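Colleague: Below is one structure. I have some questions about it.
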Amino acid sequence: MIILLSGLSGAGKSTLSQHVKNQLAKVGIDTEIIDGDEYRAKICKDLSFSKADRIENIRRLGFIASKFSARNIVTIISAISPYDEARQELINLYNNVKIVHIDCPLNELIERDTKGLYKRALLPDEHPDKIRNLTGVNDQYEVPLKPDLYINTHQNSLPRCIHILTSFIVNNHYKPPRSHPETLIEIPS
Ligand code: ADX
């Protein structure tokens, strides 16, 4: 299963995915997190925040996710993924892709502003530090219209958000039948 956590920067995608991974480990479900920030620092270094590059970013993350997912590892992509086109591409290409919209009102994100990005996007136009393409402020975020799951991180506490996402994954995760001893391959000595 591929879980695409889509939402604005600071909405809580990374925090949530880490906690959910820990919860899933307790019930024996293996999880891999593919985090936009982390991959942009490594194999997506060449990509900007233009529309084409953001779509390419999700394409690459999706491809990697599909490899983990094919091994029955729950794979959480934590990336803004602002374009419906990119999200739809993953749904069309891979099995069992679930879109989860991690929502939080912009005024709350501006208040939290853990990375200082919103402050920079709201600077006057002539300011040298101004960010001109921050998703949700001066760049587009296409709200997922029919997400498989919607979580509002402002209206729900962190434990509640963790519970909602963990339960969703547990209920949708394919559990392979346990192999019987007679089906085990014998290794010749
Ligand atoms: S995506 O749009 O291509 O899906 P991704 O999730 O990989 O974005 O990266 C978003 C992260 O990059 C943000 O959490 C933030 O830390 C950083 N960032 C830097 N500049 C921008 C920007 N202009 N818009 C959005 N995020 C930005």
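The values are calculated or read from the model by the stated rules, or taken from the named source; none is laboratory data. Remember, it's a predicted structure, so these values are computed and weren't measured experimentally. Counting neighbours? That spans all protein chains shown, and the Cβs are built from the backbone with ideal geometry, glycine included. To get the accessible areas, we keep the full protein, side chains included, count just its heavy atoms, and leave off ligands, DNA and RNA. Shrake-Rupley method; radii C 1.70, N 1.55, O 1.52, S 1.80 Å.
Colleague: Working from Cα positions, state the angle (0 to 90°, nearest 10) between the long axis of helix 158-172 and the longest principal axis of the chain.
Modeller: 40 degrees
Colleague: Hey, any idea what Rg/Rh is for the stretch 96-154, computing Rh the Kirkwood way over Cα pairs?
Modeller: 1.07
Colleague: Sticking with this structure for a sec: In what order, largest first, do Arg160, Arg59, Arg54, Arg71 sit by accessible area if the probe radius is 1.4 Å?
Modeller: My answer, sorted largest first, is Arg71, Arg160, Arg59, Arg54.
Colleague: Please list, in order, the residues from the stretch 144-165 whose amide nitrogen is less than 13 Å from a point placed 7 Å along the Cα→Cβ vector of Glu111.
Modeller: Residues 153-156 fall inside that zone.
Colleague: Something else about it: Give me the extension gain from His154 to Asp46: residue separation times 0.36 nm, minus the current Cα-Cα distance, reported in nm with one decimal.
Modeller: 35.6 nm is the gain from fully extending His154 to Asp46.
Colleague: Oh, and also: Amide H to amide H under 5 Å from Ile3: which residues, 5+ apart in sequence or cross-chain, H placed 1.01 Å off N in plane?
Modeller: Amide H to amide H, under 5 Å and 5 or more residues apart or across chains, Ile3 pairs with Thr75, Ile76, Ile77, Lys98.
Colleague: Turning to a different aspect of this structure: So, with a 1.4 angstrom probe, what is the percent of accessible area on the chain that is carbon and sulfur?
Modeller: Solvent-exposed carbon and sulfur of the chain make up 53 percent of the total.
Colleague: So what's the net charge close to Ile33: Lys and Arg +1, Asp and Glu -1, counting the other residues with Cβ under 12 Å from its Cβ?
Modeller: Net local charge, Ile33 excluded: -3.
Colleague: In square angstrom, rounded to the nearest 10, how much accessible surface does Phe63 have for a 1.4 Å probe?
Modeller: Estimated to the nearest 10 Å², Phe63 gives 110 Å².
Colleague: Quick one: net charge of Asp113's neighbours, Cβ under 13 Å, K/R +1, D/E -1?
Modeller: +2
Colleague: Just add up the charged neighbours of Asn22: K/R +1, D/E -1, any other residue whose Cβ is under 14 Å from the Cβ of Asn22.
Modeller: For residues surrounding Asn22, the net value is 0.
Colleague: In addition: If I stretch the segment between Ser66 and Asp125 completely, what's the gain in nm (0.36 nm per residue apart, minus their alpha carbon distance), one decimal?
Modeller: Here the answer is 17.2 nm.
Colleague: Oh, and also: Given the protein chains as shown and a 1.4 Å probe, how many square angstrom of Thr166 are accessible, to the nearest 10?
Modeller: Near enough 20 Å² of accessible area.
Colleague: Considering every Cα-Cα pair within the chain, what fraction, in whole percent, is farther apart than 26 Å?
Modeller: The answer is 35 percent, as a whole percent.
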